[in-house]
């Protein structure tokens, strides 16, 4: 079965002759499925020049495109592995209990056949690589005036990527990680915590586990959650369902269990023709699907959880065709409630 790609709006450099030359160039390259996107990217570069973008703007786009291309290449050979992104302070010393927690957590995830991604610096990042080992580690380093050298556990590894921009690095973390563990840290760690929550709350990222992890008896994340509850939740600036997207724990065992359980039945999601399709290892019985549909009717435009076959687009992309599928008319009103639905499906 071959899917027909939807017609895309005409995107032009503003010069028909140049458009034709670009189309010829792409044809020579031999691309088929994604030729339309390749043409548009090339046209965008020419539009930057046409619109008189200055050299600084051109350099930004050029560097970002090259960074994304290289990161995609590095991760491409490891798509079959689940990966956890680990965030935390670069200033944490090996004698700090949080360092040992990060090291133990990374080792435990590697034992579950997961890989880890850290920022490749010292502190918590080094602990993550030490625990997982270089073979199961990716480093996403950022070039800074300070803390710029990769830690010795990932230094020289082919899976170490150096980024110029924080935004390309963050997109890579988000794209490649199936779960996130945040340990105590400074501005950068808190920025990452709030950004993850913002992207999931607004549906700009798939819902994934976010673990707030600290040493036994630690209060860093407890105090952070108190601030969120007292200053944000109680003033109505966030909803109680938003807080369902994070779990705080001070034990490595609970952190690992939470992440692994999230993928015990649920595997991935994709929007197809406006409907959200959840891909699963197992479908609940029909009577249980009806109960779930009633329980989560508040986040559906139309009631019902429907078992479906892989769509033409998924078949065309070879996208997880071995999995079972449930489709719903998701209203996108509460991604915290969507997380609850995933948790419910994982009981089967």
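Where a number appears in this text, it was derived from the coordinates with a stated rule and is not lab data. What you see is a predicted model, and the numbers here were worked out from it, not measured in a lab. Please note: Cβ atoms are built from the backbone with ideal geometry, for glycine as well, and neighbour counts cover all protein chains shown.
Let me have the relative contact order for segment 111-209, percent, based on Cα pairs under 8 Å that are six or more residues apart. Don't skip to the end; give the middle numbers.
Details: 110 pairs, mean separation 21.4, N = 99.
Answer for segment 111-209 is 22 percent.
Highest mean first, the peptides 303-311, 32-40 sorted by other C-beta atoms within 10 Å per residue fall in the order 303-311, 32-40. Cα centroids of segment 231-261 and segment 170-187: 15 Å apart. Once both labels are positioned 7 Å from their Cα atoms along Cα-to-Cβ, the gap between residue 155 and residue 332 label points is 4.6 nm.
Can you sort 224, 114 from fewest to most other Cβ atoms within 10 Å of each residue's own Cβ? Walk me through the intermediate numbers first.
On the way: 224 18, 114 21.
If I rank by nearby Cβ atoms, fewest first, I get 224, 114.
Panel order for 47, 248, 301, by other beta carbons found within 10 Å of each beta carbon, from fewest to most: 301, 47, 248. One way to sum up the overall shape of segment 83-262 is the equivalent ellipsoid from its Cα gyration tensor, whose semi-axes run 25, 18, 16 Å, largest first. Using R0 = 35 Å, the C-beta based FRET efficiency linking residue 51 and residue 301 works out to 0.35. Counting other Cβ atoms within 10 Å as a rough exposure proxy, the listed residues 96, 273, 317 run 273, 317, 96 from fewest neighbours to most. Note on segment 188-338: the alpha carbon radius of gyration divided by the globular reference 2.2 N^0.38 Å gives 1.17. Under the criterion of Cα pairs below 8 Å and six or more residues apart, the relative contact order for the chain equals 14 percent.
Using the beta-carbon distance between residue 321 and residue 70 and R0 = 25 Å, what value does 1/(1 + (r/R0)^6) give for FRET efficiency, to the nearest 0.05? Before the final figure, lay out the partial values.
Values: r = 29 Å, r/R0 = 1.17.
That gives a FRET efficiency of 0.30.
Computed across segment 266-345, the Kirkwood radius stands at 12.7 Å (inverse of mean 1/r, all Cα pairs).
Could you compute Rg(Cα) / (2.2 N^0.38 Å) for segment 16-76, with N its residue count? Walk me through the numbers on the way to the answer.
Working: Rg = 13.3 Å, N = 61, 2.2 N^0.38 = 10.5 Å.
Here the answer is 1.27, to two decimals.
A protection proxy built from the mean count of other Cβ atoms within 10 Å ranks the segments 329-335, 199-205, most packed first, as 329-335, 199-205.
In segment 182-199, whose amide N lies under 14 Å from the spot 7 Å out along Cα-to-Cβ of residue 231? List them in ranges. Under cut-off, by backbone N: 187, 190-191, 194.
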